[in-house]
1. Based solely on its DSSP helices, what 222 nm [θ] is calculated for the chain when runs of n ≥ 4 H residues each add -39,500 (n - 2.57) and the sum is averaged over all residues, nearest 500 deg cm²/dmol?
2. Sorted by mean Cβ packing within 10 Å, highest first, what order do the peptides 159-166, 234-241 take?
3. Hand me the trypsin sites (Lys or Arg not before Pro) from region 175-204 located in a DSSP loop with no more than 14 other Cβ atoms within 10 Å, in residue order please.
4. Could you work out how far helix 29-43 tilts from the main Cα principal axis of the chain, as a 0 to 90 degree angle to the nearest 10?
5. Could you work out the relative contact order of region 188-297? I mean the mean sequence separation of Cα pairs under 8 Å and 6+ apart, divided by the number of residues, in percent.
6. Counting only DSSP beta bridges with both residues in the chain, tell me the antiparallel percent, nearest 5.
7. Compare the Cα positions of 107, 64, 209 along the charge dipole of the chain (+1 at Cβ of Lys, Arg; -1 at Cβ of Asp, Glu; about the Cα centre) and return the one farthest towards the positive end.
8. Name the residue, out of 103, 206, 58, whose mean-square fluctuation peaks in a Gaussian network model built on the chain with Cα pairs under 10 Å.
Amino acid sequence: MQFQQLTYFVAVAETLHFTRAAEAVHVSQPSLSQQIRALESELGAELFSRARGNIALTDAGEALLPLARRILADAETARHEVQELVQLRSGRVRLGATPSLCTGLLPDVLRAFHDRHPGVRLLLEEGGSHDLVRQLARGALDLALVVLPLPAASPALTTVELLREDLVVVSAAGPAPGHGGHVRIADLEGAPLVMFRHGYNLRELTLAACRAEGFEPSFTVEGGEMDAVLGFVRAGLGIAVVPGMAANRAGPDLRRTPLAEPGLRRTIALAHRSDVAPPRAARELQRMLLEHGPEGG
């Protein structure tokens with residue numbers, strides 16, 4: 001079994017078309033078909049059914065696909081690990097983070113990392129924790145900043161707590177709901193809320209807190225990412241519950257009001273696959289994030 005054969009197999013599995021797969025991996029279609037047949041011969045099983053010209057994965061193909069992706073991802077990681085051994089003068093780090101952390105914690109840390117290692121490329125993937133966990137599992141990311149607890153069906157990941165962050169209420173000009181300089185969760189009942197999209201950790205956390213107080217919150221706008229939510233609040237469409245770091249960077253035109261005790265907090269952790277050590281450049285970034293994390297929290 002060769003890496004090249006696995007690359008061709010994954011290409012066909014993703015396109016379900018031999019010609020398009022050959023174009024994607026820059027080989028002729030006959031060469032690709034020959035390598036697929038050789039792989040099937042070695043494994044002793046057909047990987048694709050080709051009935052009436054329709055291509056579909058067989059049971060054997062379905063079983064091989066996640067393993068092939070993982071093997072290829074590991075091979076790519078190994079290649080970059082070797083490249084990065086020369087004093088961190090080259091290489092890359094593939095980092096995933098939630099949008100709020102991209103605007104809050106990361107700018108200062110990434111600037112310090114780039115100043116120290118200007119030859120290392122920083123590739124950033126924004127997304128919710130669920131999406132980032134999937135990206136880690138398939139080898140598309142080296143590290144990810146995720147919100148704990150992880151989804152119940154998460155793959156084997158190693159997590160290190162980075163910081164615990166208070167959530168606050170942001171509002172445009174005028175007083176926020178509540179009294180005494182704090183907002184209780186109960187004060188949000190009937191208040192116009194700007195709400196994040198489905199699958200966003202902050203949405204689920206806020207909804208759970210409101211339901212624990214016995215009410216369903218009222219949304220004026222929902223479905224945005226962090227920048228959109230802050231923009232809608234700035235435009236006077238409502239208030240929002242956001243992380244403290246994001247609120248601190250939102251600018252002076254937004255009012256920041258803390259939540260009354262016990263408040264709402266989220267736990268941010270650094271995650272990577274348990275079975276693969278991050279490349280050297282990623283480990284260096286991990287070290288800098290862990291050093292910065294408690295201060296940033």
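1. Values: 11 runs with 129 residues, N = 297.
It comes out at -13500 deg cm²/dmol, rounded to the nearest 500.
2. Working: 159-166: 17.4, 234-241: 19.4.
Packing proxy ranking, top to bottom: 234-241, 159-166.
3. Numbers: sites: 184, 197, 203; in loops: 184, 197.
For trypsin sites (Lys or Arg not before Pro) across region 175-204 that sit outside H, G, I, E and B with at most 14 neighbouring Cβ atoms in 10 Å, the list reads 197.
4. For helix 29-43, the angle is close to 90 degrees.
5. Working: 86 pairs, mean separation 25.7, N = 110.
Relative CO of region 188-297 lands at 23 percent.
6. Values: 25 of 41 bridges.
Around 60 percent of the beta bridges assigned by DSSP in the chain are antiparallel ones.
7. 107
8. 58
We did not get these values from a lab; they are worked out from the coordinates using the rules stated. From a predicted model like this one, the values you see are computed outputs, not experimental measurements. Cβ: placed from backbone, ideal geometry, glycine included. Neighbour counts: every protein chain shown.
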